[in-house]
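Asker: Pasting in a structure now, in structure tokens, and then I'll have a few things to ask.
What follows is calculated from the coordinates using simple rules that are stated; it is not laboratory data. Note that this is a predicted model, so its numbers are computed, not measured. Glycine gets a Cβ as well: all are built from the backbone with ideal geometry, and neighbour counts include every protein chain shown.
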Amino acid sequence: MNILIVHQGHIPVTLYGGTERVIWHLAKALKKLGHNPTFLVPPGSSCDFAPVLPLDESKEIASQIPSDIDVVHFHYTATGMEKIEKPYVLTIHGNPQAGVELDQNSIFVSGNHASRYGSNSFVHNGMDWDDQPQPDLQQARNSFHFLGKAAWRVKNVKGAIEVIRRTKQERLDVLGGVRFNVKMGLRFTFSQRISFYGMVGGVEKHKLINQSKGLIFPVRWHEPFGLAITESLYYGCPVFGTPYGSLPELVSSDVGFLSNKADELAAAVEHSEDFSKTRCQEYARENFNAEVMARAYLDKYQQVLKGNSLNEKRPTLQNNQVQKFLEWHS
């Protein structure tokens, strides 16, 4: 099958790049399964295992699709997408606002994500774990970590810091944030138990997560998926987060603990050694790998190739979240 993967982000990714890493690993897995992926992404992108075509957003998207393509896989809502003659699917990676009618061939990234839009069409994100540095599960762990865009208040880095402060002596590495941040309401963190590393990727991120006792992830929104969760699990890190969005779906009781109360999370963090690093890694490798993701997407491709829609009607947010941030008990 000839599959065109379309996205607005450059590949390969240099730092975090969540969606860009997902489509990279998806294409690689499709290739291993005997299919022919091609990328349609911004100029300057490159790939050593699949053709790359330059995306020109000033032109009609339909005019940029090669004639030999069997199915098109969009990872953003492209203007004029509905005019293309080829079968296509669209992965929704974020949380579209209330009132937005999504494409009938939309695919969400978790069961919770789909259900909130009146859909049951979803595929979990997966990674090619063999393409990642091999974790050292025997290495001494001396801190916890937060991984995400700390400037997004829904990610609740403030809550992660609060959890660590309520422990006796645990430390936190913030990956994706800085000590002083105007966007966070002039937040300045004085505690010497909190270290900030900004946006990190590659070897540096591997080193930091591999020395972590666990991920602190107290989000205050409905997380669609959370690559930070599965990546941390792969490095042997249990997850301590809030029970919102995809988290109850991804974090079972043997690999983490969920609560929206800082005291309860702090107490669980104090007993992080109760979780098996080996079990955390095995869980990530078994359930959130690129081949599992690719096979699930192949099933979706087959459905649209047969002329079927992935949803009975256009998905739309079922219950608008009135509060700006979901409940968090300090």
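Asker: Wrap a convex hull around the Cα atoms of the stretch 30-136, take a quarter of its surface area, and give that in square nanometres.
Answerer: Over every viewing direction, the Cα hull of the stretch 30-136 projects on average to 9.3 nm².
Asker: I've got another one for you. Can you tell me the equivalent ellipsoid semi-axes for the stretch 132-286? Use √(5λ) from the Cα gyration tensor, largest first, whole Å.
Answerer: 21, 17, 15
Asker: OK, next. Using 0.36 nm per residue, how much length does the chain from LYS149 to SER276 gain when fully extended, once their Cα-Cα distance is taken away?
Answerer: Computed gain between LYS149 and SER276 is 43.0 nm.
Asker: Then there is this: Exactly which GluC sites (Glu not before Pro) in the stretch 1-89 are in a DSSP loop and have at most 15 other Cβ atoms within 10 Å?
Answerer: GLU57, GLU60, GLU85
Asker: What does the net charge come to around GLY94 if you take all other residues with beta carbon closer than 13 Å to its beta carbon, with K and R at +1 and D and E at -1?
Answerer: That works out to +1.
Asker: What is the sum of charges, Lys and Arg at +1 and Asp and Glu at -1, for the other residues whose Cβ falls under 9 Å from the Cβ of LYS324?
Answerer: Net of charged neighbours comes to +2.
Asker: Gaussian network model of the chain, Cα springs within a sub-10 Å range: biggest mean-square fluctuation belongs to which of GLY18, GLY307, GLY176?
Answerer: GLY307
Asker: Hey, another quick one. Just to confirm a number: summing +1 for Lys and Arg and -1 for Asp and Glu over residues other than PHE144 whose beta-carbon lies under 9 angstrom from that of PHE144, what do you get?
Answerer: So the surrounding residues net to +1.
Asker: By how many nm would the segment from ALA140 to MET1 lengthen if fully extended, with 0.36 nm per residue of separation less the alpha-carbon distance?
Answerer: Result for the pair: 45.4 nm of gain on full extension.
Asker: Chymotrypsin sites (Phe, Trp or Tyr not before Pro), restricted to the stretch 1-92: which are DSSP loop and have at most 11 other Cβ atoms within 10 Å?
Answerer: Those that pass, being in a loop and sparsely packed, are PHE49.
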